[in-house]
Amino acid sequence: MNHQIALFTLLFAVMLVSNVSESSDYFECHQKDSQKEARQIREHCDRALTILNNESPQDNFKIANTLFRQNHIAYRQQDYAGITDQLSLIKTNYPDFTNQIENNYQWLYLMANTQMRTADYQNALSNYQAALKIGKNLNNNQYIAYNLNGIGIVYSKQKNYKTALPFFRESLIYKHKFGQPEEIANTLSSIGNTYNSLEDYRSALEYYLKARDMYQKHKPVTPTLKHHLAHIEENIGVTYNRLQQYPLSIESFERSLKITDELQEKGNQTKIFTYLASSFLGNNQKEKAWTYYLKALNEDNKSDKKNAFLWYELAKYYFQDLQLELAKEYVTESLTLALTD
């Protein structure tokens, strides 16, 4: 009798520990604004799924919810492989999960984002449009803004820049309604990029400067925000260069380099050094220009893929220096690189 009581007690303890473990891992997996690294959160989700799948009866909603969260974290880690298959599995095997309006919206938005990142543009567009419809039905300004922005990005990726612009502009209207400076700045930057692609550099500069002002208003100053600032300074520098406003171009590139140094990021240094050299050359500072061409060449030599723009700029340098044979050699190489890109 005592032996049976001991066995039942042990069985109860094992079940209790198992339930506590599942509850703990499930909680940690779904904790919003968790300070844990994405890798740690995914580990909690993995353990929670293992326990949930071994339960009898199974809680299908919890399984679907945890699978979705697992893939959402994978997306944040830029680990896109397999996400669309997993999301399709959730919709097929756990329809009760995606039948809920909020869950269906989140499913569509994550699917669209993943498809956009993996260049499946037609399906991304379709899912952004479906998510946008739900956002409008819910009268949710954030949902509307994010999906208008997503549609704009898809059209930009497809080089339909004039089609993209109205979506970015409408997204901006909704982003102003919920007033997050970083989100507003991101869309201002996207509009700047679109004008840049249309070679309307003055309009591009206008929106890049607005984006920079908005990023600078954002508090606290996080590493992500600094990364955005470095990138927008780089874009401003490129645009000033194209407008032949070389001193302003140099200032922007130097600010970009300073921020990336603070973040201990390399960034696109070949591009920045090349544009800096180009701006110094345009400003009649040939020695400074040559210093940065050498830095750009040093970075370019570390890469498997040579930079056609750098070789074109070197051709310009040699042409101005009347070293015509070298200029011809470099412009020929630049054309070869551009054609094989």
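The values are calculated or read from the model by the stated rules, or taken from the named source; none is laboratory data. Just so it is clear, the model here is predicted, and its values are computed rather than measured. A quick note on method: Cβ atoms are made from the backbone with ideal geometry, for glycine too, and the neighbour counts reach across all protein chains shown.
For the reader, a short list of remarks on this structure follows.
- The residues listed here are 265, 254; of these, the one that is touching a residue at least 24 places away in the same chain (Cβ under 8 Å) and among the acidic types (Asp, Glu) is 265.
- Residue ranges of helices (runs of 4 or more DSSP H) in the range 1-99 with at least 3 members in contact with a Cys (Cβ under 8 Å, 6 or more places away or on another chain), surrounded by 16 or more Cβ atoms within 10 Å (Cβ to Cβ) and at pLDDT 85 or above: 60-76
- On inspection, residue 198 qualifies as closer than 23 Å to residue 268 by Cβ and in contact with a Leu (Cβ under 9 Å, 6 or more places away or on another chain).
- Contact annotation: residue pairs with Cβ atoms under 7 Å, 6 or more positions apart or on different chains, pairing a residue in the range 298-318 that is in contact (Cβ under 8 Å) with a residue 12 or more places away in the chain with a partner that is surrounded by fewer than 18 Cβ atoms within 10 Å (Cβ to Cβ) and of a type in the set (Gly, Ala, Ser), are 308/338.
- Qualifying residue in the range 126-140 (condition: assigned to a helix (DSSP H, G or I), at pLDDT 95 or above, of a type outside the set (Val, Ile, Thr) and under 18 Å from the mean Cα position of the chain (by Cα)): yes
- Qualifying residue in the range 272-287 (condition: closer than 22 Å to residue 207 by Cα and of a type in the set (Lys, Arg)): no
- Filtered by the rule that a residue be closer than 22 Å to residue 298 by Cβ and in contact (Cβ under 8 Å) with a residue 40 or more places away in the chain, the range 235-251 gives 237, 238, 241.
- Residues of the range 280-326 that are more than 27 Å from residue 340 (Cα to Cα), at pLDDT below 85 and touching a helix residue (DSSP H, G or I) at 6+ places or on another chain (Cβ under 6 Å): none at all.
- For the range 274-286, the condition of being closer than 28 Å to residue 149 by Cα and surrounded by 22 or more Cβ atoms within 10 Å (Cβ to Cβ) holds for none of the residues.
- Test result for residue 204, hydrophobic (A, V, I, L, M, F, W, C), modelled with pLDDT of 95 or more, crowded, with 16+ Cβ neighbours inside 10 Å and under 28 Å from residue 79 (Cα atoms): no
- Criterion violated by residue 320 - all others in (1) under 20 Å from residue 332 (Cβ atoms); (2) surrounded by 18 or more Cβ atoms within 10 Å (Cβ to Cβ) satisfied: (2)
- Contacts under 8 angstrom Cβ, first residue in the range 98-122 being under 13 Å from residue 150 (Cβ atoms), partner of a type in the set (Phe, Trp, Tyr) and outside any helix (DSSP H, G or I), 6 or more apart: 114/80; 117/80
- Annotation note: of 265, 251, the sole residue that is acidic (Asp, Glu) and either more than 23 Å from residue 285 (Cβ to Cβ) or surrounded by 20 or more Cβ atoms within 10 Å (Cβ to Cβ) (or both) is 265.
- Wholly enclosed helices (runs of 4 or more DSSP H) of the range 159-278 bearing at least 1 residues within 20 Å of the chain's Cα centre (by Cα) and of a type in the set (Phe, Trp, Tyr): 161-178, 181-197, 201-217
- When restricted to residues that are under 23 Å from residue 277 (Cβ atoms) and at pLDDT below 95, the range 224-233 contains 3.
- Whichever residue in the range 279-335 is closer than 24 Å to residue 251 by Cα and not in a helix (DSSP H, G or I) and, among such residues, is nearest to the chain's Cα centre (by Cα): 307
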